[in-house]
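Accompanying notes for the structure given below.
The values are calculated or read from the model by the stated rules, or taken from the named source; none is laboratory data. Just so it is clear, the model here is predicted, and its values are computed rather than measured. So basically every Cβ, Gly included, is an ideal-geometry build from the backbone, and we count neighbours across all protein chains shown.
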Amino acid sequence: MFEKLQEQQPGALLGLLIAFKADPRPNKIDLGVGLYRDETGNTPVMRAVKAAERHLQETQQSKSYIGREGDLAFVELLKPIIFGEGSELIDKTVGLQTPGGCGAIRLAADVIATASPDASIWLGTPGWISHNLFFEYSKQRIVEYPFFDLVEQKIMFDKVLEVLTSAPEGDVILLHGCCHNPTGVNFTMDQWRQITDLLVERNLVPFLDLAYQGLGNGLEEDVEPLRHVLSRVDEAIITYSCDKNFGLYRDRVGVLYLMSRNPEHLKIAGSNAAACAAPSWGMPPDHGGAIVRTILESEELTAMWKAELVQMCARVNGNRAALAEAHPDLAFVKCQGGLFSTLNMSKETAKALRQNYGIYFADSGRMNLAGMQPSDAKTIVDALITEGVLNAL
Ligand code: PLP
C-alpha cells in the first residue's frame with residue numbers, strides 16, 4: 001500500500017520559514033512566505049477577531065454539526081463586502097463555506113470537472129503554482145500562457161487578448177481578482193473592460209480568485225474589477241479567502257461562490273457544489289467562519305476590522321514606497337499591490353541573498369512586501385546591487 005512515493009507538493013516556502021526562524025543573524029529579513037507582518041515582524045490576531053472570539057466563547061451554546069454548506073449566515077454577510085451593498089449579484093450567487101481559499105479552489109475544480117469535464121482551465125504565467133495543483137488533481141486540462149514579463153515588469157496584454165480570442169467557448173479563464181500572486185500587478189480598468197468584452201463575446205467562464213481583498217488599494221477599490229466582470233457575464237466562479245484580510249490563516253476560512261443569471265442553474269450549481277464538498281471534507285470547520293460572521297453582524301466590530309485592515313494595507317504600501325524610493329529600477333514596486341512582487345532573479349541569486357545577507361526571497365524571486373520595515377529598504381537594495389540584480393546607483 002505504501003510502496004509508491006507520491007510526487008511532493010511544493011512546500012519550499014514553509015521550508016524557508018523554518019530556515020528563517022533558525023537563522024541567528026539579528027538583521028535577517030523575511031520576504032519569503034506570504035503572511036502579513038506588522039512592524040514587529042509578528043502576524044497579529046486582529047483586534048476585531050479577538051473581540052469576536054471572546055463573544056463566541058461567552059455565547060456559543062453548542063458545537064454540533066452545521067451542515068455541508070457551512071455557516072450560511074457568514075456566507076451571506078460577506079456578499080455585500082464582495083459584490084457591493086444592495087448589488088443585484090447578491091441574489092445571483094450561491095455560496096458554500098470552505099476550508100480556506102484553497103478549499104474553495106479545490107471544490108471549484110471538482111465542480112468544473114463534474115459539470116464541464118471537457119473545459120480547459122487557462123492560467124497565466126508566472127502564476128500561483130497551487131492553482132495548477134488543484135486542477136491537475138481533478139484531472140482538468142490546463143493551458144498555460146505567458147501573462148507577465150518579469151524583466152520589463154509588464155503584463156503581456158496582447159498575449160492575454162490573444163489567449164482569450166483563441167480559447168474555445170465554455171473554457172474557464174482564471175483571473176486573480178486583485179493583488180496578483182506572485183507579481184502584484186493588476187490590469188487597468190480599461191484592460192479589465194477589454195477582457196470582459198472578450199469573455200462575453202466568446203462565452204468564456206471567468207474564474208475570479210480573490211484572496212487579498214483590502215490589501216491592495218482598499219476593500220472597495222480591490223473589487224471594482226470583479227464587480228465589472230460579474231455585471232456583464234451570465235455565469236462565473238468566485239473563490240474567496242478570509243485568511244489574509246481577517247488574519248485567520250490557520251483557521252482556514254474561505255467561500256466558493258457560483259454565479260448564474262438563470263435561477264434554475266443557480267440552484268443546480270449550489271446543489272452540485274454541496275455534492276462535491278461532501279466526499280471531500282463532509283462539512284467545513286466552523287470556528288473561523290463564526291468569527292467573521294460575528295464581526296460582520298456587529299457594526300462596531302466591522303468598523304474595527306475595516307480600520308485595522310486599512311492600517312495593514314497602508315503599511316504594505318509604505319514598504320512598497322520605501323523600496324521604490326531606494327532605487328529607481330524598483331519604481332514599479334510602488335505601482336503594484338498586495339503582499340507580493342517578483343524580481344527577475346535566478347534561484348541561485350535568491351539562495352545567495354539568503355546565505356550572504358539573511359534576506360529571504362522565495363527561489364522564484366518573489367518577495368512578500370509585508371515582511372520588511374521601511375528602514376530595511378537600503379539593506380535590501382545594497383544586497384540586490386552586490387548580487388547583480390540591480391545596477392549600482
Ligand atoms: N488564492 C491565491 C492567489 C493565494 O495566494 C492564496 C494563498 O496564498 C489562496 C488563494 C488561498 O488562501 P488560503 O487557503 O490560505 O485561504
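Structural remarks
- Filter pass, Ala167 being in the same structural domain as Lys79 (by TED's automatic domain parsing), among the small types (Gly, Ala, Ser) and within 16 Å of the ligand (Cβ to nearest atom): no
- Taken together, the criteria exclude Arg193 from residues that are within 11 Å of the ligand (Cβ to nearest atom), surrounded by fewer than 23 Cβ atoms within 10 Å (Cβ to Cβ) and assigned by TED's automatic domain parsing to the domain that holds Glu169.
- Enumeration of residues in the stretch 60-72 that are exposed (fewer than 14 other Cβ atoms within 10 Å of the Cβ) and either hydroxyl-bearing (Ser, Thr, Tyr) or within 13 Å of Val255 (Cα to Cα) (or both): Ser62, Ser64, Tyr65
- Positions within the stretch 228-281 being of a type in the set (Ser, Thr, Tyr), more than 16 Å from the ligand (Cβ to nearest atom) and crowded, with 19+ Cβ neighbours inside 10 Å, in sequence order: Ser260
- Taking residues in the stretch 166-194 that are over 14 Å from Phe332 (Cα atoms), and partners anywhere that are more than 16 Å from the ligand (Cβ to nearest atom) and not hydrophobic (A, V, I, L, M, F, W, C), the pairs with Cβ atoms closer than 6 Å and at least 6 places apart or on different chains are Glu169/Asn203; Asp171/Ser120; Trp192/His228.
- Listed by first and then second residue, the pairs linking a residue in the stretch 367-393 that is part of a helix (DSSP H, G or I) to a residue that is surrounded by fewer than 17 Cβ atoms within 10 Å (Cβ to Cβ), with Cβ atoms under 6 Å apart and 6 or more places separating them unless they lie on different chains, are Pro374/Gly318; Ile385/Ala392.
- Within the stretch 285-300, the set of residues being in a loop (DSSP other than H, G, I, E, B) and among the acidic types (Asp, Glu) comprises just one member, Asp286.
- Unique residue being within 16 Å of the ligand (Cβ to nearest atom), in a helix (DSSP H, G or I) and surrounded by 23 or more Cβ atoms within 10 Å (Cβ to Cβ) when the list is Pro225, Pro206: Pro225
- Residues of the stretch 113-124 satisfying the condition of being away from the ligand (no atom under 16 Å from the Cβ) and among the hydrophobic types (A, V, I, L, M, F, W, C): Ala113, Ala115, Ala119
- Residues of the stretch 224-248 that are touching a Leu at 6+ places or on another chain (Cβ under 7 Å) and not polar (S, T, N, Q): Leu226, Val229, Leu230, Val233, Ala236, Ile237, Ile238, Tyr240, Cys242, Lys244.
- Residue in the stretch 85-107 that is within 16 Å of the ligand (Cβ to nearest atom), touching a His at 6+ places or on another chain (Cβ under 9 Å) and either over 21 Å from Gly218 (Cβ atoms) or not assigned by TED's automatic domain parsing to the domain that holds Tyr257 (or both) present: yes
- Where Ile81 falls short, out of the listed (1) within 16 Å of the ligand (Cβ to nearest atom); (2) assigned to a loop (DSSP other than H, G, I, E, B): (2)
- Residue tally, condition within 28 Å of the chain's Cα centre (by Cα) and among the aromatic types (Phe, Trp, Tyr), over the stretch 51-87: 2
- Of all residues in the stretch 125-151 being over 19 Å from the mean Cα position of the chain (by Cα), under 23 Å from Ser166 (Cβ atoms) and in a loop (DSSP other than H, G, I, E, B), the one that is farthest from the ligand (Cβ to nearest atom): Lys139
- Filtered residue count, the stretch 309-353, keeping only those that are at positive phi and of a type outside the set (Gly, Ala, Ser): 0
- Among the conditions (1) under 16 Å from the mean Cα position of the chain (by Cα); (2) surrounded by fewer than 22 Cβ atoms within 10 Å (Cβ to Cβ), Gly103 misses just one, which is (2).
- Selection status of Ile18, among the β-branched types (Val, Ile, Thr) and in contact (Cβ under 8 Å) with a residue 60 or more places away in the chain: no
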